[in-house]
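Just so it is clear, none of the values below were taken in a lab; they were calculated from the coordinates. Small disclaimer: the values here were computed from a predicted structure and weren't measured. Every residue, glycine as well, gets a Cβ built from its backbone with ideal geometry; the counts of neighbours run over all protein chains shown.
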Amino acid sequence: MADPQTTLLKTCFYDFHIRQGAKMVDFGGWAMPLSYRGIIAEHEQTRKAASVFDVSHMGRLHFSGPDALRFLQHICTRDLSKAVVGQSLYSLICKPDGGVLDDVIVSRFDKYWLMVCNASNRLKLLEWFKANSTGFNYQLKDETMQSAMIAIQGPKVMALLDALLPEPVSSLKRYHFMTQSYLIAKFTVFRSGYTGEDGVEIICGSTIAQMALNMLFKQGRDVREAPMQPAGLGARDTLRMEAGMPLYGHELHENIDPISAGLEWAVATEKPFIGSVALAEIRQRGPEKRLVGLAVDGPRTARQGMTLWAGGHEVGAVTSGAGSPTLGHGIAMAYVQSVCASEGTALEIDLRGNRVAATVVKLPFYKLSKSSP
């Protein structure tokens, strides 16, 4: 693996990660923290209190101009015309055959639209947009390198932020956002996340990123004594798996469609977009395979690519797997033949030559007992 200190892109918080003793890894071409104190400890901190994740590696693209909405409607599966200013919508960007190029969050501001995309897909998407821009009058600005983004997740987050930020944020509805100012610096708070917990994601300019971090951890205080603790990509992955949230490159990729992935709710086939015809056909006939959750017997962990079997026949493959710190047993997500996708179906996972029992269960594995407003 390349040395992250010399060859990879660095977020505004790289020095903070190093000071806190984070184990750094290459993630989508960025030097990112895998963990600080251990994946299980950071996972449990998020479920019980509050964790801060650096997600600045994700792409942040601004769309403006007279045809910005028309272009976004052309490339996105979601009907963005229904969004009001201050609202965000989850969407997908597909190829003509329905394969997923990326899953994104699109937010409507007063004078522009913001798209947050996966780090590994940002450059691919920029090329895709350019190739499909004929006839559209819009401007696209890549703000990824000029901004920073953090996710603050956990059951205590909203109360902590209400006491910390200039304006309270607990009244924000899920998938809505607001812009605040601190001194002369502006930042935007989105009530969203990727852990299954309540919380927010905050975007600010790169020049004030360190000040924002100091505000969260109270400059001069030992970070280990702060009510919020830093967490890395390892816990982010186990948290999103428990919440049944797809990860690009695992549950989503160019050879899978949103209908098979259980994301039919994010596909507005009543409007035309790239891939709408193919997705309408898949929706009508039904997908050949479906994404399911699996409860796995035994201590061993299922990994991406491991095959699934039923009645002596191969019926699918694992996309993600982990030991669930919250549930205390192994979990996995997998694509299986549609006839094997019903809840309660008994399957076997081939763990490198050993067959281990698994049962199809309803996603998500973990869900908040009290829904967010």
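Worth a mention:
- What you get for segment 289-361, charging only the Cβ of Lys and Arg (+1) and of Asp and Glu (-1), is a dipole of about 160 debye around the Cα centre.
- Virtual paramagnetic centre 7 Å along Cα→Cβ of His253, amide N under 17 Å, in segment 323-341: 333-337
- Segment 189-285 shape via C-alpha gyration tensor axes, a/c threshold 1.5: prolate
- For segment 59-142, a crude dipole built from +1 on the beta carbon of Lys and Arg and -1 on the beta carbon of Asp and Glu, taken about the Cα centre, is about 140 debye to the nearest 20.
- Pairwise FRET efficiency - Thr307 versus Lys186, Cβ, R0 = 45 Å, nearest 0.05: 0.35
- Segment Val84..Glu264, full-extension length gain: 62.6 nm, with 0.36 nm per residue of separation and the alpha-carbon distance subtracted.
- The chain: C-alpha gyration tensor shape, a/c 1.5 cut-off, then a/b vs b/c: oblate
- Cα-centred dipole magnitude for the chain, charges only on beta-carbon of K, R (+1) and D, E (-1), debye, nearest 20: 560
- Whole-angstrom gap from segment 313-373 to segment 23-54, using each part's C-alpha centre: 24
- Cα gyration tensor shape for segment 62-165, rounded if a/c is under 1.5, else prolate or oblate: prolate
- Think of the chain as having a plus end and a minus end, set by charges on the Cβ of Lys, Arg, Asp and Glu; of Ala159, Ile259, Gly65, Ala159 sits farthest toward the positive end of this dipole.
- If R0 equals 30 Å, the separation of the Cβ atoms of Glu281 and Arg174 corresponds to a calculated FRET efficiency of about 0.40.
- Count Lys and Arg as plus one, Asp and Glu as minus one, and take only other residues whose Cβ is under 13 Å from that of Ala346; the net charge is then -2.
- Peptides ranked, highest mean first, by Cβ atoms within 10 Å: ranges 350-363, 67-80: 67-80, 350-363
- Listed by chain and number, the lysines placed with their C-alpha closer than 24 angstrom to that of Lys130 are Lys95, Lys111, Lys141, Lys271; residues fewer than eight positions away on the same chain are left out.
- Two-site label geometry, Lys48 and Glu143: point separation in nm, points 7 Å out along Cα→Cβ: 3.7
- For Tyr366, the residues whose modelled amide H falls within less than 5 Å of its own, excluding neighbours fewer than 5 places apart on the same chain, are Ala243, Gly244.
- For Thr207 and Lys362, the difference between the fully extended length at 0.36 nm per residue and the C-alpha to C-alpha distance is 51.4 nm.
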